[in-house]
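Engineer: Sharing a structure here in structure tokens format.
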Amino acid sequence: MGNQENGGETEKHLIVVDWDHIMKHITIELDGEKVVDEFHYSPMAKKVQLDVGSSEKHRVEISAGEFSPIKVFVDGKAAQKT
């Protein structure tokens, strides 16, 4: 499980990624709202792209999988973990 903060200057967002390796279940929350809640049985990483923000638009890319760590990128740059 990991928390990521979006790189916005005035508009901050919280992304929570939870990958359960045993149940093969991934949950992604954006500002407390579930945007992904599914089982992922493929050995390949699950990749999700989100457009985040209203006044500050950002492209968020998330990947998580059985054999890869959780990765979060905001506008192509690694996000800050908290």
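The values are calculated or read from the model by the stated rules, or taken from the named source; none is laboratory data. Please read all numbers here as calculations on a predicted model, not as lab measurements. For neighbour counting, all protein chains shown are included, and Cβ atoms are generated from backbone atoms with ideal geometry for every residue, glycine included.
Engineer: Based on this model, can you work out whether Ala45 counts as touching a residue at least 12 places away in the same chain (Cβ under 8 Å), small (Gly, Ala, Ser) and touching a Gly at 6+ places or on another chain (Cβ under 8 Å)?
Structural biologist: When the stated conditions are applied, Ala45 passes them.
Engineer: Among the residues of the stretch 49-60, which ones are within 14 Å of His13 (Cβ to Cβ) and touching a strand residue (DSSP E or B) at 6+ places or on another chain (Cβ under 8 Å)?
Structural biologist: Leu50, Asp51, Val52, Lys57, His58, Arg59, Val60
Engineer: Another question about this same structure. What are the pairs, 6+ residues apart or on separate chains, where a residue within the stretch 67-82 that is closer than 15 Å to Gln49 by Cβ has its Cβ under 8 Å from a residue that is part of a loop (DSSP other than H, G, I, E, B) and at pLDDT below 90?
Structural biologist: Val72/Ala79; Phe73/Ala79; Val74/Asn6; Val74/Gly7; Asp75/Gly7; Lys77/Gly7; Ala79/Asn6; Ala79/Gly7
Engineer: Report those strands (runs of 3 or more DSSP E) wholly inside the chain carrying at least 3 residues which are modelled with pLDDT of 90 or more and either crowded, with 17+ Cβ neighbours inside 10 Å or out of contact with any Lys or Arg (no Cβ under 6 Å at 6 or more places or on another chain) (or both).
Structural biologist: On the way: elements: 2-5, 14-20, 25-30, 33-39, 46-52, 58-65, 68-74.
Fully inside the chain and qualifying: 14-20, 25-30, 33-39, 46-52, 58-65, 68-74.
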